[in-house]
1. If you check B:Tyr53, B:Tyr47, B:Tyr33, which single one turns out to be within 20 Å of B:Leu161 (Cα to Cα), without any contact (Cβ under 8 Å) to a residue 12 or more places away in the chain and not assigned by TED's automatic domain parsing to the domain that holds B:Ala191?
2. For the stretch A:224-250: of the residues being under 18 Å from A:Tyr138 (Cβ atoms) and over 17 Å from the mean Cα position of the chain (by Cα), which is surrounded by the fewest Cβ atoms within 10 Å (Cβ to Cβ)?
3. Among A:Asp87, A:Asp105, which is the only one that is charged (D, E, K, R) and in contact with a Gly (Cβ under 8 Å, 6 or more places away or on another chain)?
4. Just checking, how many residues over the stretch A:254-275 are more than 7 Å from every other protein chain (Cβ to nearest Cβ) and either in contact (Cβ under 8 Å) with a residue 12 or more places away in the chain or not β-branched (Val, Ile, Thr) (or both)?
5. Test A:Ala201 against the criterion of being within 14 Å of chain B (Cβ to nearest Cβ) and outside any loop (DSSP other than H, G, I, E, B), and give yes or no.
6. I'd like to check something: does the stretch A:134-141 contain any residue that is surrounded by fewer than 23 Cβ atoms within 10 Å (Cβ to Cβ) and out of contact with any Lys or Arg (no Cβ under 7 Å at 6 or more places or on another chain)?
7. Are there any helices (runs of 4 or more DSSP H) wholly within the stretch B:113-220 with 1 or more residues that are among the hydroxyl-bearing types (Ser, Thr, Tyr) and under 22 Å from B:Thr61 (Cα atoms), and if so which?
8. If you go through the stretch A:10-65 one residue at a time, how many are farther than 25 Å from A:Thr198 by Cβ and not assigned by TED's automatic domain parsing to the domain that holds A:Ile232?
Amino acid sequence: MANGPLQIKAISGHAGTVPGRDTSRDYDVCKLIDVTTCIGCKACEVACLEWNGYPFRETVFDNTYQTMPDTAWNYYNLIRFTEFTDDSGNFSWLMRKDQCMHCADPGCLRACPADGAIVQYTNGIVDFQQENCIGCQYCVTGCPFNIPKLNPATKKVHKCTLCSDRVGAGLEPACIKACPTGCLHFGSKDNMKDLAETRAAQLREHTSHKDAGVYDPPGVGGTHVMYVLHDINNPERYGGLPKDPQIPWTVKLWKKPLKWIGNIAMAGGVLGVVVHYLRFGPKEELPEGKK
Amino acid sequence: MSTAALPHTPHAGQIQRYTFGERLMHWTTGLTYLYCLCTGLAFYTPYLYWLAYMLGGGPTTRFWHPIVGVIFMVGTIWMSSMWRRDMEITADDKRWLDNTEAYITNDEAHTPPADRFNGGQKLFYWLMLYGAILLLISGVVMWFPEYIPRQYAWLRQTAILLHEIAALATIGGFIIHVYMGVFMVPRSMTAITTGYVTRAWAWTHHRLWYFRVTGKNGQP
């Protein structure tokens, strides 16, 4: 990978192993969010704003610690707070960092009509190119996670870039850098999967979270942002994380079969009238009174 | 007629088929539809996205498409106010529609006579009217998707599908309409631009109408 980080393979005069050697650098990046160790400090929210150059803004108080009800075009990253009481009356705070999931099969990209407005890099990052965006918001309809948001002033849609500008320079995303508890991890998808599975197994074995698991939804081809959840069977609990996210069937129908049926029908219509003209030609006018 | 001394009368001996208002209305709907067609096709398929570049770029196209669409709708309402009665499907039209094949194959002897508008034109009118209503309703949703709350996401999804299906249906009618107006029925372009047709044209293509406007009852 041309833009991959410089990775040391061998070190002169060095006793012992080379740190990081043989780790996967076949760069298919992934962010791993271990919600079980998130403390809801929102350092990631601040780091995201700072890196992307967006201003700090008023928060919206609705009786939780959540900064505002939803992400915004200039607020890519939001910790969702949920107060949860389980069957045995145990109370817990569920805190989930919400942002673009960087789907392997991105519904936004499928739905977008504008040439070059959404790109998917080989490393898995799905990025919006605002200069090509026309503001139609088909991406909003295509996204199963409610992520893309319109800037009403410029009519351009924005979302988390997974800090493609940092990752391209070999840095980790800003949110990862800011996380104080280490609940955010960044690396190759394979490495993050291993780490996530290890952590989930640890939770199942050593804690009361017997349903702990990894959220990497297959409905969108897997995602380049994964979660470790205490309860993988109830992702909705975490501020509405969909259990089985899918690109809406209407979008699939519209973008594939219907488009081709329409294309063929339109081309057929034009061809049909041309053939008709060649076969039958124009109508002839009859003299008045002649049948 | 010894009319050598009379000044030139425009359209002398011709029949007025469309008033100025009707022509203005027709071209309002026609040209706005054409714009929406070209810009809509740009969004419809990547193979035609170049149309958006030709028409001022993607954002410009996205800005104007719905506005021109509303003008198209206004034109369609205007059309409806002028032609609704003319467009009602009568027993004569049913006979005409049953013999569409004769009309298509230019077999005039077996084409039942038509009134001011033939059965095909009337079907096209109703197709465009209902198509325009569907396009407008779904189009408003697509115009301002940012005001649709997430729990009504199905509304946005349905609107896009409806918009596409309605557009395709009207495109089918539009292809036939333009082909017939420009190529298949000579001098119908003159009719819709100048408003006048010759008596022979009226006799050939709209015989029942010819009888009505010339006051001749079944006899030429």
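The values are calculated or read from the model by the stated rules, or taken from the named source; none is laboratory data. These numbers were taken from a predicted model, which means no experiment stands behind them. Please note: Cβ atoms are built from the backbone with ideal geometry, for glycine as well, and neighbour counts cover all protein chains shown.
1. One residue alone meets the criteria, B:Tyr47.
2. A:Trp249
3. A:Asp105
4. Within the stretch A:254-275, residues that are more than 7 Å from every other protein chain (Cβ to nearest Cβ) and either in contact (Cβ under 8 Å) with a residue 12 or more places away in the chain or not β-branched (Val, Ile, Thr) (or both) number 8.
5. No: the conditions fail for A:Ala201.
6. No: the stretch A:134-141 contains no residue that is surrounded by fewer than 23 Cβ atoms within 10 Å (Cβ to Cβ) and out of contact with any Lys or Arg (no Cβ under 7 Å at 6 or more places or on another chain).
7. B:119-143, B:153-179
8. 6
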